[in-house]
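The values are calculated or read from the model by the stated rules, or taken from the named source; none is laboratory data. Every value quoted in this text rests on a predicted model; they were computed, and no experiment measured them. Because the Cβ atoms are built from the backbone with ideal geometry, glycine has one as well, and the counts that use them run over all protein chains shown.
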Amino acid sequence: MASFYLPSNKTTIVFFPPDGTTGPKGGSPLNDPHIVQVKVRLAKTTQLDRIAYAEAQSDVSQAIQTVLLAHILRPFPRGDTLPGCEHLSDGDIIVEGKGYRLHGSFKPWDSGRTLVLEWGTLRIKPCSDKWNFTFKRLI
C-alpha cells in the first residue's frame with residue numbers, strides 16, 4: 001500500500017524522508033530527505049475515467065512511489081528500461097495495472113534546483129527530474 005495517494009490532474013510535491021539504510025558504498029541517497037514533483041493526468045476526464053482512477057488510486061500511487069524511489073536511488077538513463085515496464089522512448093515507461101495503463105515520463109526539474117528546504121537539521125534534496133504520468137482506463 002502506498003504511503004500517500006496522488007490526486008489526479010494536480011501537480012504534487014512528494015516528500016521522501018530519510019530511511020537510514022546504507023548501500024554498498026556506505027550510504028544510499030535515501031539517507032537524505034528528497035522531494036520530487038509529480039503529476040498524474042487522466043487521459044480522458046469522463047465520469048467513468050474519474051471513477052476508474054479513484055478505484056485504482058492506491059495501486060497507481062504505489063506504482064508511482066516505486067518508480068520515484070527507484071529513480072532517486074539510480075536515476076534512469078535515457079533509454080533505460082525497468083523490470084515489468086515496456087520501453088517506449090527516451091525517458092518513457094509504461095506500467096500496466098488491472099484495467100489501466102500508466103504512461104510515465106520525466107524531464108529535468110529546473111525550478112527544483114532553486115529550492116532550499118530543510119527537514120529538521122537535514123537539507124532536503126530536490127530530485128533532478130520531475131515526473132508526469134497519464135492514467136488511461138482500459139475497460
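Six or more apart or on different chains, Cβ atoms under 8 Å: show the pairs whose first residue is in the stretch 51-69 and buried (at least 21 other Cβ atoms within 10 Å of the Cβ) and whose second is in a helix (DSSP H, G or I) and not hydrophobic (A, V, I, L, M, F, W, C). Cβ pairs passing all conditions: V60/Y53.
For the stretch 104-120, the tally of residues that are of a type in the set (G, A, S) and part of a strand (DSSP E or B) stands at 2.
Is it the case that I72 is of a type in the set (V, I, T), modelled with pLDDT of 90 or more and farther than 22 Å from F15 by Cα? No; evaluated as a whole, the condition is false for this residue.
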